[in-house]
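To start, the structure under review is shown below, and the notes come after it.
What follows draws every value from the coordinates through simple rules; no lab data is involved. Nothing here was measured: the structure is a model prediction, and the numbers come from that model. For neighbour counting, all protein chains shown are included, and Cβ atoms are generated from backbone atoms with ideal geometry for every residue, glycine included.
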Amino acid sequence: MRAPRRFQLSRTPTPSEVRVINLLAKGYTVAEAAEWLDVSDKTVEAHKYNVMKRMGLHTTGQMIAWAIAGGYIDVIEVLREAKV
């Protein structure tokens, strides 16, 4: 029997998770990303954790590399808008 849809693990990040990954890739801290998205720090951490857990990743760098390789974020945009 299949699990209810909400409990099935997806290899595709949600739009909210992609927004979080994108901001972290640009150099935003969790607090800055939370402020930018108008959510709590815990929400940003939860999105980050959920992606990393589902994909078997251990670092933020791995998550960002995975997102770039998967086409979820545009490396040119990230570099153009990166906080330096």
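Taken along its principal axes, the alpha carbon cloud of the stretch 14-81 reaches lengths of 29, 28, 19 Å, longest axis first. About its Cα centre, the dipole of the chain is roughly 540 debye, where the only charges are +1 on Lys and Arg Cβ and -1 on Asp and Glu Cβ.
With neighbours defined as other Cβ atoms within 10 Å of a residue's Cβ, the residues HIS58, HIS47 order from fewest to most as HIS58, HIS47.
Entry note, the chain: relative contact order of 37 percent, from Cα contacts under 8 Å with a spacing of 6+ residues. Per-residue ellipticity at 222 nm from helix content only, as computed over the chain with -39500 (n - 2.57) for each DSSP H run of at least four residues, stands at -18000 deg cm²/dmol.
A simple spin-label model places pseudo-atoms 7 Å from Cα toward Cβ; at ILE76 and ARG11 they are separated by 2.7 nm. Highest-first packing order for the peptide set 72-81, 28-37, 14-23 is 14-23, 28-37, 72-81, based on the mean count of other beta carbon atoms within 10 Å.
Does anything in the stretch 35-63 have its amide N under 20 Å from the 7 Å Cα→Cβ label point of THR29, and if so which residues? Zone members listed by number: 35-49, 60-61.
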